[in-house]
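Below is one structure, written out as structure tokens; the observations come after it.
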Amino acid sequence: MKIAISSDNHLDVNRQDPDEIVSLQANYLNEQNVEYYLFAGDMFNDFQKTKSYFEKLNTLITGKAYFIAGNHDMLKNITFAGLENNNISDFYLHNAYIDIPNTDWRIIGNNGWYDYSFSPTLTEDEIKRWKNTYWIDAGINQPISDNERE
């Protein structure tokens, strides 16, 4: 069995034609006989475009493609509550899982967030100031702190 994993394609930021890329990606996944493709976020700066991309991709491949949302996908056309709803799409894995047939593998989807235990010297205010200056996350409306989310 082949499982492929990728992230951070940023098709809009990289000025790529989604229709062209989805065809190329489908051909590659089919040629490689990939049964499960897992995307770990950041396809577009728009959740609905990411969702549509994976719905189309799944019509073109022999396997299955699943995604979780990255911080870029969260910027537009989705709310925090919407992100928590795993009924958005059959291919959205946040708060959901898939069991891989004929194995004891279970793939659990979680949009994840930032684990600040790797930088214990930064205060929450310093992190927030840094994020709002340098990261795109300032545009994401979330009702809880990063630590609560993680």
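The values are calculated or read from the model by the stated rules, or taken from the named source; none is laboratory data. All figures in this text were calculated on a predicted structure; none of them were measured in a lab. For neighbour counting, all protein chains shown are included, and Cβ atoms are generated from backbone atoms with ideal geometry for every residue, glycine included. The accessibility values were calculated without ligands, DNA or RNA, using every heavy atom of the protein model including side chains. Shrake-Rupley method; radii C 1.70, N 1.55, O 1.52, S 1.80 Å.
Residue by residue, segment 143-150 carries 3J(HN,Hα) couplings of x, 10, 6, 4, 5, 5, 5, 5 Hz when phi is fed to the Karplus relation 6.51 cos²θ - 1.76 cosθ + 1.60 (θ = phi - 60°); x denotes Gly or Pro. In this structure, the amide hydrogen of Ser7, modeled 1.01 Å from its nitrogen in the peptide plane, lies closer than 5 angstrom to those of Ala40, counting only residues at least 5 positions away or on a different chain. Among residues other than Ser23 with Cβ under 10 Å from its Cβ, the summed charge is -2 (Lys and Arg +1, Asp and Glu -1).
Could you size up the charge dipole of segment 39-150 around its Cα centre, putting +1 on the beta carbon of Lys and Arg and -1 on that of Asp and Glu, and report it in debye to the nearest 20? Working shown, then result.
Details: 10 positive and 16 negative charges, 84 e Å.
Dipole magnitude for segment 39-150 comes out near 400 debye.
Remark: accessible surface ordering of Val13, Val22 (largest first) is Val13, Val22, probe radius 1.4 Å.
Considering only DSSP beta bridges where both residues belong to the chain, give the percentage that are antiparallel (nearest 5). Mind dumping the intermediate values first?
Details: 4 of 14 bridges.
Beta bridges within the chain, antiparallel portion: roughly 30 percent.
Keeping all protein chains in place, calculate the accessible area per residue for segment 41-137 (probe 1.4 angstrom), answer in Å². Accessible area per residue, segment 41-137: 58 Å². Taking the 1.4 Å solvent-accessible surface of the chain as the whole, the part contributed by carbon and sulfur is 48%. Close Lys pairs in the chain (alpha-carbon distance under 13 Å; sequence gap of 8 or more, or different chains): 4. Short-range pairs are left out: with C-alpha atoms under 8 Å and at least six residues apart, the relative contact order of segment 1-142 is 20 percent. For the residues Lys56, Lys128, a 1.4 Å probe over the protein chains yields an accessible-area ranking, largest first, of Lys128, Lys56.
Please work out the Cα center distance from segment 1-73 to segment 112-141, rounded to the nearest Å. Taking the Cα centre of segment 112-141 as reference, the centre of segment 1-73 is 27 Å away. Relative intensity of the chain on a log10 scale, I(q)/I(0) at q = 0.10, 0.15, 0.16, 0.19 Å⁻¹, equals -0.39, -0.82, -0.92, -1.18, per a Debye sum over C-alpha point scatterers of equal strength in the absence of solvent. Largest accessible area first, the residues His72, His94 order themselves as His72, His94 under a 1.4 Å probe with ligands, DNA and RNA left out.
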